[in-house]
Amino acid sequence: MGIIKDCINKKNVDSIPVWFMRQAGRYLPEFRKIRSKNTNFINLCLNPELSKEITLQPLKRFNIDAAIIFSDILLIPYALNQSVEFKKNFGPNLGFLNFEELLKITEEEITKKLNPIYELIKLTSKDEILKNKDLIGFVGATWTILVYMLNRQSPKIINKEILENPNGKTLMRKIIDTQKIHIKKQVESGASIIQIFDSWAGLLNEDKLEEYIYKPTFEIVEFTKNLGVKTICFPRSIKSYKKYCDIVKPDAISIDYEVNPTKIAEKIDIPIQGGMDPKYLLLEEKEMLKNAKKYLEIFSNHKYIFNLGHGIMPETDPENVKTLVKFVKDFK
Ligand code: 1CP
């Protein structure tokens with residue numbers, strides 16, 4: 001257990017807690033080396049030894065406070081027997097859905113398929129390097145998973161096929177049940193925090209938020225709280241973070257880089273995470289640190305976890321990440 005959890009529990013901490021979304025992955029040469037030998041991404045996620053190695057790679061380089069498990073939100077469609085492939089320069093490509101078959105899939109079948117992830121968490125949580133640090137497990141939010149499963153690739157806009165799909169409601173219920181199974185197993189295996197990624201929250205209009213975002217996410221947050229574990233929600237580009245927090249009641253909220261941090265600091269009392277635009281890590285050191293300072297100062301009277309407003313970009317130089325972490329850790 002580490003200072004990220006302490007911060008979410010509103011305890012005082014000696015330094016600003018810091019970790020990065022997508023910290024384990026594409027920008028690290030040691031990741032790319034493993035990835036080049038493992039062309040099937042899902043199989044790599046289901047290899048506990050290699051996934052553990054990738055999970056810990058950023059902790060070997062940087063003085064960060066948490067590891068996030070190397071996995072993917074699309075392992076839920078995979079567990080529900082939808083094929084998932086990653087095509088170069090295209091992104092995820094999902095197979096056709098067989099609704100009747102999908103509804104018959106049992107908890108035992110799901111946990112059997114995802115068991116390597118739980119093995120990865122068991123192996124990783126025991127590692128010395130995570131002493132006094134957090135191990136973050138995660139799921140994609142119901143809405144984001146629903147979009148990938150029905151659209152079968154990254155969405156650009158939300159069309160009628162998604163919102164008016166005759167099987168949509170039943171599929172949502174199956175996704176929620178699967179998320180609960182997956183969260184419970186991650187927690188039992190040693191995940192100390194659960195982050196919920198709603199990457200496509202910004203694509204929905206206000207009138208659809210209740211049904212597709214607030215209701216299912218509240219249920220998942222409540223379920224996770226009852227397991228005794230804190231949740232961080234990242235409803236990327238949602239119209240109102242304040243309303244989201246009031247309704248969904250996450251333990252901490254991760255903000256994107258387009259939202260005005262000063263307004264967020266004024267309106268929201270719960271611990272806040274993130275915000276800085278990942279593109280600043282591609283700029284000169286001075287520009288990058290100036291922007292980091294902005295966030296640190298705005299949230300200086302808040303419980304704040306330093307992170308970005310979206311994942312680290314593949315073009316990022318790991319040395320810049322190192323400089324940024326040192327700056328955050330030395331900030332008083
Ligand atoms: O080709 C490769 O080498 C694979 C790239 C990659 C990696 C490293 C993918 C494919 N997923 C991951 C790991 C991953 N994904 C992690 C663990 C590593 C870490 O964060 O340090 C996590 C937490 C995710 C979460 C994830 N996957 C999200 C939510 C966060 C976000 O970025 O919005 C989403 C939307 C996905 C789907 C996904 N998986 C991979 C890609 C390229 C995508 C996004 C595609 C798209 O834009 O729709």
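For the stretch 73-216, DSSP calls about 45 percent of its internal beta bridges antiparallel. For the chain, the share of accessible area belonging to carbon and sulfur comes to 48 percent (1.4 Å probe, ligands and nucleic acids excluded). Under 12 Å from a label point set 7 Å out along the Cα-to-Cβ vector of residue 218, the amide N atoms of the stretch 236-252 belong to 244-250. With respect to the chain, whose longest principal axis is taken over its alpha-carbon atoms, helix 48-61 is tilted by about 20°. Summarising the overall dimensions of the stretch 173-219 from its C-alpha atoms, the Rg and Dmax are 12.6, 38 angstrom. Computed over every Cα-Cα pair of the stretch 265-332 and binned at 5 Å starting from 0, the pair-distance distribution P(r) comes out as 3, 17, 30, 25, 14, 8, 3 percent. Where both bridge residues fall in the stretch 3-330, DSSP classifies roughly 15% of the beta bridges as antiparallel. Between helix 142-151 and the chain there is an angle of about 50 degrees, using the helix long axis and the longest principal axis of the Cα atoms. The slack in the chain from residue 283 to residue 331, taken as 0.36 nm per residue of separation less the alpha-carbon distance, amounts to 15.2 nm. Cross-linked pairs 215/249; 184/243; 10/225; 60/131: Cα-Cα separations exceed 18 Å for 184/243. Peptides 273-279, 64-70, 312-318 ordered by packing proxy, namely the average of other Cβ atoms within 10 Å per residue, highest first: 64-70, 273-279, 312-318. The alpha carbon centroids of the stretch 4-82 and the stretch 207-249 are separated by 23 Å. If you take the alpha carbon atoms of the stretch 3-330 and fit the smallest convex hull around them, that volume is 124 Å³ per residue.
Relative to the longest principal axis of the Cα atoms of the chain, the long axis of helix 215-226 lies at roughly 70 degrees. Measuring between alpha carbons in the structure, the pairs from 286/332; 126/294; 126/329; 208/329 lying more than 30 angstrom apart are 126/294; 208/329. With the helix formula -39500 (n - 2.57) applied to DSSP H stretches of n ≥ 4, the chain reaches a computed 222 nm mean residue ellipticity of -14000 deg cm²/dmol. Residues of the stretch 126-140 with backbone nitrogen within less than 18 Å of a virtual label 7 Å along the Cα-to-Cβ line of residue 9, please, listed as ranges. Label zone hits: 130-137. Within the stretch 270-297, find all residues whose amide N lies under 18 Å from a label point positioned 7 Å from the Cα of residue 258 along Cα-to-beta-carbon. Residues 274-280 fall inside that zone.
Averaged per residue, the chain has 46 square angstrom of accessible surface, using a 1.4 angstrom probe with ligands and nucleic acids left out. So for the stretch 58-109, what percent of the C-alpha to C-alpha distances run longer than 12 Å? Counting every Cα pair in the stretch 58-109, those more than 12 Å apart make up 73 percent.
Phi angles of the stretch 291-308 translate, via the Karplus equation with coefficients 6.51, -1.76, 1.60 and θ = phi - 60°, into HN-Hα couplings of 5, 4, 4, 4, 5, 5, 6, 4, 9, 5, 9, 10, 6, 9, 10, 6, 6, 9 Hz per residue; Gly and Pro are given as x. Spatially, the stretch 130-145 and the stretch 155-191 are offset by 16 Å when compared through their Cα centroids.
Approximating the spin labels as points 7 Å out from Cα along Cα→Cβ, the residue 211-to-residue 99 distance works out to 1.4 nm.
The values are calculated or read from the model by the stated rules, or taken from the named source; none is laboratory data. Note that this is a predicted model, so its numbers are computed, not measured. Here Cβ is always computed from backbone atoms with ideal geometry, including for glycine, and neighbour counts include all displayed protein chains. These accessible areas exclude ligands, DNA and RNA; they are computed on the full protein's heavy atoms, side chains included. Shrake-Rupley method; radii C 1.70, N 1.55, O 1.52, S 1.80 Å.
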